[in-house]
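Only one structure is covered here, and it is reproduced in the block below.
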Amino acid sequence: MTTSPYLPDPSDKAATVEAMFDRVAPKYDRLNRLLTLRLDVAWRRAAIREIEKPAGSLVIDLACGTGDMCNDLITAHYCAIGFDFSAGMLKAATTASPLVRADVLRLPAPTNSVDAITCGFALRNFTALEPFFAECARVLRPDGRVVLLDVGEPKSKLLRFGHKIYFRKIVPFIGGLLSDRAAYSYLPASTAYLPESRELVDMVRVAGFRNVTHRRYGLGAAQLVVGTAL
Ligand SMILES: C[S@@+](CC[C@H](N)C(=O)[O-])C[C@H]1O[C@@H](n2cnc3c(N)ncnc32)[C@H](O)[C@@H]1O
């Protein structure tokens, strides 16, 4: 993994990430919309279309932040509960869904108890992915769906170059002007924590999912991994 001055020491990662999201929470939604040119809204909705469960199904949104995904889940007629460990993000949330302050690597939810899981733009922030996917497999009922949305990188060289300038130079600059320079420098640097798409798919499959698919959105700026629990 590439090192960066913006990435925390591995032993401090969870505490640093939690404190960082507490700090940026009040302006998080506004910055998201601005920096993705509102594409984050379309990507969350595309993710929710992959759930393919009947209305009223229980969907938990992991690392829910300020509750954007929960709101879209409600609009899609699901019964949504959000989980996040940042008190600041939960406090800034504007959603009618119940929200639970918890570490998503140790979910306070019974085994085989939920119909689907969503997780938006958070994989990079976890201390490890395998225990997270294992926890998803534990709480999902058989045939439950896991839908994981995160940032990505375009495949073509030219697009990757443009994306690199935007994501690694312009995003930290705007984020620094309007919110928190360190947090919006961590954002592009944290992609170093994301495995390649094939490895990501394999990790999800090994955790206990079948028909695992990987798709790109926004010319590759976002990626979506979907699987069905065994
Ligand atoms: C980039 S934000 C994404 C928020 C939201 N899902 C969205 O789509 O806008 C990442 C979120 O992950 C949360 N997070 C990171 N690690 C976590 C963990 N181990 N347990 C719970 N929440 C975590 C942070 O507090 C933060 O709210």
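Rounded to the nearest Hz, the phi-derived 3J(HN,Hα) couplings of the stretch 161-176 under the Karplus curve 6.51 cos²θ - 1.76 cosθ + 1.60 (θ = phi - 60°) are 5, x, 5, 4, 5, 5, 6, 9, 10, 6, 4, x, 5, 5, x, x, where x marks glycine and proline.
When DSSP beta bridges are limited to those with both residues in the chain, what percentage is antiparallel, rounded to the nearest 5? Write out the running numbers ahead of the final one.
On the way: 14 of 32 bridges.
Rounded to the nearest five, the antiparallel share is 45 percent.
Would you calculate a helix-derived [θ] at 222 nm for the chain, using -39,500 (n - 2.57) for each DSSP H run of n ≥ 4 and dividing by the full residue count, to the nearest 500? Mind dumping the intermediate values first?
On the way: 9 runs with 94 residues, N = 230.
That calculation yields -12000 deg cm²/dmol at 222 nm.
From largest to smallest, what semi-axes in whole angstrom does the chain give when each is the square root of 5 times an eigenvalue of its alpha carbon gyration tensor? Provide the component values of the computation, followed by the final result.
Working: eigenvalues 134, 78, 61 Å².
Its equivalent ellipsoid spans semi-axes of 26, 20, 17 Å.
Summing Lys and Arg as +1 and Asp and Glu as -1 over all other residues whose Cβ lies under 11 Å from the Cβ of P172 gives a net charge of +2. Using the Cβ-Cβ distance between R198 and V41 with R0 = 25 Å, the FRET efficiency computed as 1/(1 + (r/R0)^6) comes to roughly 0.30. Within the same chain, lysines fewer than 8 places from K27 are excluded, and of the rest, those with a Cα less than 27 Å from its Cα are K13, K91, K164, K169.
Across the stretch 63-75, rounded Karplus estimates of 3J(HN,Hα) from the backbone phi angles (6.51 cos²θ - 1.76 cosθ + 1.60, θ = phi - 60°) give 6, 6, x, 8, x, 4, 5, 4, 4, 5, 5, 4, 4 Hz, Gly and Pro being marked x.
Charge dipole of the stretch 11-59 (Cα centre as origin; +1 on each Lys and Arg Cβ, -1 on each Asp and Glu Cβ, all else neutral): 280 debye, rounded to the nearest 20. Compared with the dominant Cα axis of the chain, that is its longest principal axis, helix 13-35 is turned about 80°. The phi torsions of the stretch 117-134, fed into the Karplus equation with coefficients 6.51, -1.76 and 1.60 and a -60° offset, translate into couplings of 10, 10, 8, x, 6, 10, 3, 4, 8, 7, 6, 7, 8, 4, x, 5, 5, 5 Hz, rounded to whole numbers, with Gly and Pro shown as x.
Taken about its Cα centre, the stretch 18-115 carries a charge dipole of roughly 300 debye when the Cβ of each Lys and Arg holds +1 and the Cβ of each Asp and Glu holds -1. Out of all Cα-Cα pairs in the stretch 172-230, roughly what percent, to the nearest whole number, are more than 19 Å apart? That tail contains 48 percent of the Cα-Cα pairs.
Taken together, the values in this text are just the output of simple stated rules run on the coordinates, not laboratory data. The model shown is predicted, which means the values in this text are computed figures rather than measured ones. Neighbour counts run over all protein chains shown; Cβ positions are idealised from the backbone, glycine included.
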